[in-house]
Structures are given as structure tokens and as C-alpha cells.
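Below: the structure, in C-alpha cells.
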Amino acid sequence: MMYFVTGASGFIGKRLVRKLLARRGAVVHFLIRDASPDRVQPLLDYWGVGADRAVAVQGDLTQPGLGIKATERKKYEGKVAHFFHLAAIYDLKADADSQLRVNVDGTRNVVQFANQIKAGRFHHVSSIAAAGLFEGVFREDMFEEAEGLDHPYFATKHDSEKVVRDECRVPFLVFRPGLVVGDSKTGEMDKIDGPYYFFKLIQRMRQTLPPWMPTIGIEGGRINIVPVDFVVDAMDHIAHARQHDSDCYHLVDPEPMRVGDVLNTFCEAAHSPRMTIRVNAALLGFIPRGVKKSLMALTPVRRIRGAVMKDLGLPDDILDFVNYPTRFDCRYTTAALKGSGIVCPRLKDYAWAIWDYWERHLDPDLQIDRTLKGQVAGKVVLITGGSSGIGLAAARKIAEAGAVTIICGRDQDKLDEAKALVEADGHVLHTFSVDLADMADVDRMVKWLIETHGGVDYLVNNAGRSIRRAIESSQERFHDFERCMQLNYFGAIRTTMGLLPGMVAKKRGHVINISSIGVLTNAPRFSAYVASKSALDAWTMCASSEYADLGVRFTTINMPLVRTPMIAPTKLYNNVPTLSPEEAGDLIVQAIVHKPVRIATRLGIVGAVMHATVPRLAQIVMNTSFRMFPDSEAAKGVKGDKPPQLSADQVAFQQLMRGIHF
């Protein structure tokens with residue numbers, strides 16, 4: 001038996017051809033624009049047959065006669081038992097002209113070709129979109145009753161089916177599949193469409209919130225989802241049936257689920273929090289269209305909506321289809337499949353396979369190079385305070401990733417030691433001696449960076465001064481505040497402002513500021529240090545808003561306590577859990593790769609929330625730590641080699657408040 005198929009390389013088409021070829025003596029001729037071996041051979045391998053059973057026919061359905069010469073067309077006259085037309089654009093985001101050219105004009109060319117070769121039966125794979133936005137139940141014997149065809153996808157699906165009904169001169173069947181998702185057994189899918197658009201949102205919820213936390217979601221109309229294996233099996237069975245009760249069959253789920261239930265089903269499959277409270281999107285219908293249009297015309301609203309939709313991978317008009325109003329009757333399909341064992345499976349039984357395949361193969365983040373090398377190779381990276389501690393640990397990782405790595409510091413001997421260490425690793429490190437507390441010296445470094453390296457792509461403001469001393473002990477030490485502010489704030493922003501113009505000119509750049517968890521928790525005894533870092537944080541938030549549309553990113557790392565030379569004078573920290581410099585360096589790598597606005601520990605976030613919501617309670621907690629842990633010997637000006645012995649209360653409290661600067 002000879003078959004002719006268009007769209008054989010598509011998601012449904014590949015599987016249908018494989019099903020047809022399983023029939024004894026079946027030979028499938030399939031239309032393909034490029035019949036070169038590198039395009040055809042993978043299809044033959046997928047089908048497991050040779051070119052004698054799956055015959056490639058080079059042509060183009062947008063051309064009259066499908067671009068097939070008349071002499072070649074004659075060999076099909078009266079010999080094709082079944083002609084399957086699947087080639088079409090199934091994409092809400094496709095432009096109107098493309099959809100019209102392929103879906104409508106292409107179908108007309110295909111129908112004319114089928115008429116010319118006198119095909120035994122013509123099978124047109126349409127879509128439930130042919131019903132438009134019909135209010136109520138749309139039966140298999142309905143067509144002209146379609147409503148709401150303003151969207152080009154709905155309009156072209158309806159018009160292409162009309163071409164078949166009006167112009168096809170051979171017996172025909174129309175199949176209207178529901179929203180086709182991956183295979184119910186393997187989850188295999190070839191693109192993001194339909195419910196897949198919401199998967200990134202579900203994934204973000206899982207990454208941010210514990211699975212038991214209730215969340216707010218949306219509710220809408222019923223969405224008819226069917227797996228591709230059901231569609232192929234049903235189409236193959238019905239197409240070969242001897243008698244047909246209808247010329248149109250709805251390949252749909254007889255019991256479709258509402259949008260909210262669909263999303264929660266995938267939330268369960270993803271182990272994400274369920275959307276317990278669901279807001280019916282129909283409520284938006286009460287807002288006059290003119291009001292909504294006016295709101296969307298406002299630049300801030302338009303940009304925020306665009307950024308959110310882009311970040312989540314949602315098409316602009318996806319929310320227009322949340323309140324889908326149509327239900328689809330499938331009595332003829334049910335009758336035709338009776339006794340065949342072919343039924344549409346329930347979504348909850350295969351949602352896990354759909355989610356698993358998406359996360360392993362279709363997640364857009366998989367296409368982004370998330371390696372440090374992919375981000376910094378060949379780029380210029382400056383790390384201030386890079387001769388030891390956090391800066392050196394980060395420099396070693398970044399140099400290994402292939403960046404032009406530069407560190408700066410005051411002590412040339414330490415810079416030389418760091419350079420030797422990185423070179424011993426087999427990598428290159430550039431150094432520059434500078435006093436970042438001296439604005440003229442900062443300008444000198446910036447000038448050298450621009451002249452020698454053309455500026456920088458990544459700036460890590462890591463250099464800092466920390467002083468742990470109570471305010472009551474600082475009455476005669478006002479210079480503590482001046483020193484912290486001069487280096488931690490003025491030095492950092494002088495460096496940043498000197499390099500920003502170059503970043504803007506290149507329309508790319510990333511500034512990473514090493515702040516402190518103390519900024520979030522308002523740690524006592526660190527008023528000088530926390531104030532200077534808070535100033536830097538505030539400046540960064542202002543700058544990030546100003547440069548958001550110029551290609552420059554800013555990240556603040558509210559670093560917890562790290563075991564570096566800066567904390568060595570405080571012997572108390574010998575008994576306090578701290579990060580290693582390497583672990584802190586990993587946070588800088590995380591900032592470079594993912595470019596978040598802020599990186600903070602959960603404890604730091606809890607501290608910030610407490611100060612914002614229950615400030616009196618936060619003060620009591622921090623005052624308790626202040627009184628429980630006295631000034632260090634270094635802060636008192638007393639030399640001591642042995643770390644102080646902690647009481648049971650101190651040990652318990654410092655474990656509870658792990659990472660906070662006492």
C-alpha cells in the first residue's frame with residue numbers, strides 16, 4: 001500500500017510514518033524541501049527502514065504542484081491509497097504571513113495535488129484551534145459555527161480546513177487533535193508549546209519555595225491536552241477503518257482539566273509548591289479593554305511585563321487563552337476507537353514523564369553556557385584585594401577558566417606571591433599595586449587598565465577593611481569610621497565609576513560588590529564596617545537602576561563570615577563556624593555565571609525581614625549577642641594569643657546565629 005505524507009519530519013509526522021511503515025507492504029513517499037542525505041538519512045534511521053520503503057520526494061508545499069514536476073507526478077496517479085497532510089505551523093508566536101502562506105496557501109496546493117493524482121483518501125490534520133474561541137460545546141459535525149478567529153493561528157487553522165471541505169475532490173477525513181504534548185510513556189517532545197510555557201514558572205517556584213508552602217496561582221477555562229502517542233494511534237486506526245460515521249474526528253481528552261488543575265498536576269510532577277489559592281483570570285474580563293490598553297501603554301508597565309514574560313519564556317498573548325471557552329465533543333471518535341484499546345490517558349498518570357523530559361532536554365537554561373569558562377574565557381576580570389583570602393581564591397578559579405585575570409592590592413610582595421601561586425597552577429595572573437583608599441592612586445590604576453586592557457568586563461570590588469569595636473569603645477577612634485568609609489565605599493565606587501564608561505561603550509559589563517551579612521542583620525560592634533558596606537549597597541541599588549538598559553549588571557554578595565586574615569585579630573572567631581576562602585570564591589563564581597541582583601544566605605534574609613517587620617524583636621536578639629560576646633583583645637588594645645573560652649550559652653547562640661559577625 002502506498003502512502004503520501006507531508007510534514008513527515010515533524011513531531012507528529014515522524015511518529016505517524018513509523019506507525020504506517022509497521023503495516024505489511026507499506027511504502028511511504030514523503031515530501032521534504034531538502035532531500036539531501038544528511039536530512040533524509042536520520043529520518044530513515046528513526047523509522048528503521050531503507051530508502052525503498054520510505055521514499056523522499058523533494059518539493060515545497062508553498063509552490064504550485066508542490067514543486068513536483070508533472071512527469072514525476074504521473075507516477076502517483078491512482079496509486080496513493082492514503083494521503084496524509086500534516087505540514088503546518090503549530091506555533092502561537094509565528095507571524096501572520098508565515099501562517100497564512102503555509103497553513104492556508106500550502107493546504108490549497110496540497111489538496112490540488114491530491115485531486116490531480118486521484119488519491120484514495122485525503123486525511124487533513126487540523127486542530128481544535130479551527131473552532132476559534134467558540135463559547136460552549138463544539139461538536140465534530142460543527143465548522144461554520146466557529147467564533148473568535150481574530151488570532152492568525154485560529155484563523156489559518158479554520159481557513160485551511162475550509163479549503164479541504166470546499167476544494168477536495170476525493171474522499172477526505174479531518175482530524176482535530178487537542179493540545180499535543182509529549183509521549184505519555186517517554187515524555188519525548190520537540191518544542192515548547194501550550195502548558196510547557198508555564199514550566200519555567202513552576203521550576204522557579206520549586207527553586208525558591210519549600211514544596212509544602214501554599215502559593216497563589218491562576219484559574220481559567222478547560223484546556224484539552226493529549227499525548228502524541230494517543231493522537232498517532234487514533235489517527236492510524238480511524239484512517240484505516242472501512243466505515244466512517246463522520247468526516248471529522250476530535251482527538252481530544254473526553255474529560256479536560258481546568259488550567260489551575262493542569263498547572264497543579266505539573267507542580268506535583270515537579271515537586272513544586274501547589275497553587276492552593278487560584279484567582280480566576282475571568283475577573284480580568286471586567287476591566288474595560290480601553291483601561292487595560294491604557295495601562296499597557298505606560299512605559300514602566302510595558303517594560304515590567306515584557307521583562308517578566310521574557311524571563312519566564314511566555315509568549316506575549318498567552319494570558320489571552322487562559323480563559324479558553326470551548327469544550328469539545330468526541331462521540332464519533334469514541335465510537336470509532338471502541339474495541340481498539342486506544343484511549344486518551346489521564347494527564348496525572350503521565351505528567352511526570354512530560355516534566356522529566358522537559359527538564360532534561362527542553363529547559364531553555366540548558367542551552368545557556370552556565371560554566372565559568374563560558375562566561376569569562378578571554379574576558380578581562382579585575383579583582384580588588386586579590387592578593388589573599390577571598391580575592392585570591394576567586395582569582396585562581398577565574399584564571400583557570402581562561403580569563404585575563406588582574407588582581408590589585410597595596411603590598412607588592414603579596415601580589416608577587418599570589419602571581420607565583422597562580423602561575424604554579426599553570427595559569428596567567430596580572431597584578432597592579434595600588435592604594436584604593438587614595439583616590440588619585442585609583443585613577444592611576446583605572447588609566448592603566450584602560451590603556452593596557454581596554455577596560456574590564458568584570459569588576460569584583462573585594463578589597464575591604466573590617467573593624468570589630470563597640471561604639472562606646474570608639475569615642476577616641478573616629479578614624480576607624482573614616483578608614484572604613486574611605487576604602488570600602490569611596491575606593492570601590494571610584495574604581496567602579498572609572499570603569500563604567502568603558503562597559504557602557506561595549507554595552508556589557510558586570511560589577512560584583514562583596515558586601516556583608518552584617519548589612520542585612522545590622523550586626524553590633526561593626527558599626528563602622530556595616531555603615532560603609534551599607535553605603536556601597538545603597539549606591540549599587542541606585543546604579544543598577546540607572547544602568548539596567550545599558551547592558552551593565554550589578555550583583556551584591558552579602559558574604560557571611562569568612563576565614564581570612566581580616567578576621568584573624570579576633571580570636572573569638574577561632575571557635576565560630578566560618579566559610580573557607582574557597583567557598584567564598586565559589587559565591588563569586590556563582591555571581592559571574594548567574595548574574596543575580598543579590599546573593600545572600602537564608603539567615604541573612606531572615607535577619608533583614610526581622611528588621612523590616614519586627615524591628616524591636618530584632619534589636620533584642622542583636623543586643624543579646626552584643627552583651628554575650630565582648631570586644632576582642634585586639635579591639636581593647638591588648639595582645640593575646642589564646643582564643644577565649646566560650647560559655648555554653650555562647651556556644652549555643654553562635655551556632656544558632658551561624659555566620660553573623662558578633
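The values are calculated or read from the model by the stated rules, or taken from the named source; none is laboratory data. What you are looking at is a predicted structure, and each value in this text was computed from that prediction instead of being measured. Cβ atoms come from the backbone with ideal geometry, glycine included; neighbour counts cover every protein chain shown. With ligands, DNA and RNA removed, areas are computed over all heavy atoms of the protein, side chains included. Shrake-Rupley method; radii C 1.70, N 1.55, O 1.52, S 1.80 Å.
Condition check: over 30 Å from Ile342 (Cβ atoms) and in a loop (DSSP other than H, G, I, E, B). Does Asp150 satisfy that? First the steps, then the outcome.
Values: over 30 Å from Ile342 (Cβ atoms): yes; in a loop (DSSP other than H, G, I, E, B): yes.
Considered against the rule, which asks whether it is over 30 Å from Ile342 (Cβ atoms) and in a loop (DSSP other than H, G, I, E, B), Asp150 comes out as yes.
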> Which residue pairs have Cβ atoms closer than 6 Å, lie 6 or more positions apart in sequence or on different chains, and pair a first residue in segment 494-510 that is in contact (Cβ under 8 Å) with a residue 24 or more places away in the chain with a second residue that is among the hydroxyl-bearing types (Ser, Thr, Tyr) and open to solvent by less than 30 Å² (accessible area, probe 1.4 Å)?
Replying inline: His510/Tyr458
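Would you point out which residue out of Arg346, Arg360, Arg370 is in contact with a helix residue (DSSP H, G or I) (Cβ under 7 Å, 6 or more places away or on another chain), closer than 30 Å to Ile192 by Cα and open to solvent by 60 Å² or more (accessible area, probe 1.4 Å)? Can you show your working first?
Numbers: Arg346 fails: in contact with a helix residue (DSSP H, G or I) (Cβ under 7 Å, 6 or more places away or on another chain); Arg360 fails: in contact with a helix residue (DSSP H, G or I) (Cβ under 7 Å, 6 or more places away or on another chain).
Result of the check over Arg346, Arg360, Arg370: Arg370.
With respect to Leu61, is the statement that it is out of contact with any Asp or Glu (no Cβ under 6 Å at 6 or more places or on another chain) and open to solvent by less than 20 Å² (accessible area, probe 1.4 Å) true?
Working: out of contact with any Asp or Glu (no Cβ under 6 Å at 6 or more places or on another chain): yes; open to solvent by less than 20 Å² (accessible area, probe 1.4 Å): no.
When the stated conditions are applied, Leu61 does not pass them.
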>> What's the total number of residues in segment 395-430 that are in contact with a Ser or Thr (Cβ under 9 Å, 6 or more places away or on another chain), open to solvent by less than 30 Å² (accessible area, probe 1.4 Å) and of a type outside the set (Val, Ile, Thr)?
In response: 8
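Among the residues of segment 64-81, write down those that are in contact (Cβ under 8 Å) with a residue 40 or more places away in the chain and out of contact with any Asp or Glu (no Cβ under 8 Å at 6 or more places or on another chain).
Pro64, Gly65, Ile68, Arg73, Tyr76, Glu77, Gly78, Lys79, Val80, Ala81
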>> Arg108 - would you say it is open to solvent by 20 Å² or more (accessible area, probe 1.4 Å) and at pLDDT 95 or above?
In response: yes
> If we only count helices (runs of 4 or more DSSP H) wholly inside segment 404-522, which ones have 2 or more residues that are under 34 Å from the mean Cα position of the chain (by Cα) and closer than 30 Å to His611 by Cα?
Replying inline: 492-506, 517-521
> If you go through segment 389-403, how many residues are in a loop (DSSP other than H, G, I, E, B) and either over 15 Å from Val593 (Cα atoms) or in contact (Cβ under 8 Å) with a residue 40 or more places away in the chain (or both)?
Replying inline: 1
> Is there any pair with a first residue in segment 368-388 that is within 17 Å of Val428 (Cα to Cα) and a second that is loosely packed, with under 14 Cβ neighbours inside 10 Å and modelled with pLDDT of 90 or more whose Cβ atoms are under 7 Å apart and which are 6 or more apart or on different chains, and what are they?
Replying inline: Ser387/Asp411
> Considering only segment 121-147, how many residues are in contact with a Gly (Cβ under 7 Å, 6 or more places away or on another chain), part of a loop (DSSP other than H, G, I, E, B) and free of Cβ contacts under 8 Å to residues at least 60 places away in the same chain?
Replying inline: 1
> Hey, does segment 194-207 have a residue that's open to solvent by 10 Å² or more (accessible area, probe 1.4 Å), basic (Lys, Arg), in contact (Cβ under 8 Å) with a residue 40 or more places away in the chain and touching a strand residue (DSSP E or B) at 6+ places or on another chain (Cβ under 6 Å)?
Replying inline: no
>> If I filter segment 83-102 for residues that are of a type in the set (D, E, K, R) and either crowded, with 18+ Cβ neighbours inside 10 Å or touching a strand residue (DSSP E or B) at 6+ places or on another chain (Cβ under 8 Å) (or both), do I get at least one hit?
In response: no
>> Checking Pro211 against (1) part of a loop (DSSP other than H, G, I, E, B); (2) surrounded by 17 or more Cβ atoms within 10 Å (Cβ to Cβ): exactly one of these is not met. Which one?
In response: (2)
>> Residue pairs, Cβ under 7 Å, 6 or more apart or interchain, first in segment 431-459 and open to solvent by 60 Å² or more (accessible area, probe 1.4 Å), second part of a helix (DSSP H, G or I). List them.
In response: Asp443/Gly498; Ile450/Gly502
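Any idea how many residues of segment 126-142 are crowded, with 19+ Cβ neighbours inside 10 Å and not aliphatic (A, V, I, L, M)?
Residues meeting the conditions: 6.
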> In this structure, does Ala35 turn out to be under 22 Å from Phe113 (Cα atoms), open to solvent by 20 Å² or more (accessible area, probe 1.4 Å) and under 38 Å from the mean Cα position of the chain (by Cα)?
Replying inline: yes
